[in-house]
1. Just name the residue that is surrounded by the fewest Cβ atoms within 10 Å (Cβ to Cβ) out of those in segment 1-33 that are of a type in the set (Val, Ile, Thr) and in contact with a strand residue (DSSP E or B) (Cβ under 7 Å, 6 or more places away or on another chain).
2. Could you tell me which numbered condition Pro58 fails, if it satisfies all but one of (1) part of a loop (DSSP other than H, G, I, E, B); (2) free of Cβ contacts under 8 Å to residues at least 40 places away in the same chain; (3) open to solvent by less than 60 Å² (accessible area, probe 1.4 Å)?
3. I need a count of the residues in segment 98-118 that are open to solvent by 20 Å² or more (accessible area, probe 1.4 Å) and either hydrophobic (A, V, I, L, M, F, W, C) or touching a His at 6+ places or on another chain (Cβ under 8 Å) (or both).
4. Have a look at Glu95, Glu64 and point out the one that is among the acidic types (Asp, Glu), at pLDDT below 95, open to solvent by 50 Å² or more (accessible area, probe 1.4 Å) and assigned to a strand (DSSP E or B).
5. Being within 16 Å of Gln56 (Cα to Cα) and among the basic types (Lys, Arg) is the filter; apply it to segment 119-138 and report the residue that is most open to solvent (accessible area, probe 1.4 Å).
6. Within segment 76-92, track down each residue that is open to solvent by less than 70 Å² (accessible area, probe 1.4 Å) and touching a strand residue (DSSP E or B) at 6+ places or on another chain (Cβ under 6 Å).
7. Pairs only if they're at least six apart or on different chains, beta carbon under 9 angstrom, first in segment 98-109 and within 13 Å of Thr41 (Cα to Cα) and aliphatic (A, V, I, L, M), second in a loop (DSSP other than H, G, I, E, B) and open to solvent by 100 Å² or more (accessible area, probe 1.4 Å); list them, first residue then second.
Amino acid sequence: MARPQNRSQLMDRLGAVQLNTVWSWCGVNDSERKVYFSIWTDNSCTHDGAKAYLVQGPEWGISENGGKSPARNDQDAKLALVFEQGYEPWCYFIEAKDRSAHPREIGSTLTSFVLLLKLDRRADGSIVGTPLKRVEIG
């Protein structure tokens with residue numbers, strides 16, 4: 001089987017469903033109880049002394065008047081699956097067309113591997129993921 005070439009193909013290979021293939025930041029495989037989060041390649045940080053990645057910033061998808069975008073509502077629901085229902089958090093990486101743009105557009109999706117994460121909520125409301133295991137996608 002050929003390696004997936006884009007995000008939709010990767011989600012299909014992983015048996016994950018996205019609420020919307022255009023704006024969803026994550027997909028879910030309910031039968032395996034896994035959530036796959038999109039992570040920008042340049043959003044690394046340090047958490048508890050280890051390399052980690054920003055899964056969700058506290059301001060992401062929230063308008064000036066406090067309203068949440070459909071993508072943010074979707075991601076909050078998927079985070080609840082992890083924090084409240086014990087789903088495994090996984091990630092795959094995406095690269096921005098232009099890192100300084102706001103909002104960003106996906107330039108490419110890295111489809112050769114996924115990472116199992118340990119998710120934590122920081123005091124500022126951000127969600128970070130520390131990699132625990134890498135799984136290659138054939």
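1. For segment 1-33, the residue satisfying everything is Val17.
2. For Pro58, the failing item is (2).
3. If we filter segment 98-118 for residues that are open to solvent by 20 Å² or more (accessible area, probe 1.4 Å), which is where we start, we get 98-110, 112-113, 116, 118.
Imposing the further condition that a residue be either hydrophobic (A, V, I, L, M, F, W, C) or touching a His at 6+ places or on another chain (Cβ under 8 Å) (or both) reduces the set to 101, 106, 110, 113, 116.
Qualifying residue count, segment 98-118: 5.
4. On inspection, the qualifying residue turns out to be Glu95.
5. Per the stated criteria, the residue is Arg121.
6. So the first thing to find is which residues in segment 76-92 are open to solvent by less than 70 Å² (accessible area, probe 1.4 Å), and the list is 76-82, 86-87, 89-92.
Correct list: Lys78, Leu81, Val82, Tyr87, Pro89, Trp90, Cys91, Tyr92.
7. Within 9 Å, the pairs are Ile106/Lys97.
The values are calculated or read from the model by the stated rules, or taken from the named source; none is laboratory data. Everything numeric here is computed off the predicted structure, so don't read it as measured data. Quick reminder, even Gly has a Cβ in these numbers, built from the backbone with ideal geometry, and neighbours come from all protein chains shown. Heads up: the accessible areas ignore ligands, DNA and RNA and are worked out on the full protein's heavy atoms, side chains in. Shrake-Rupley method; radii C 1.70, N 1.55, O 1.52, S 1.80 Å.
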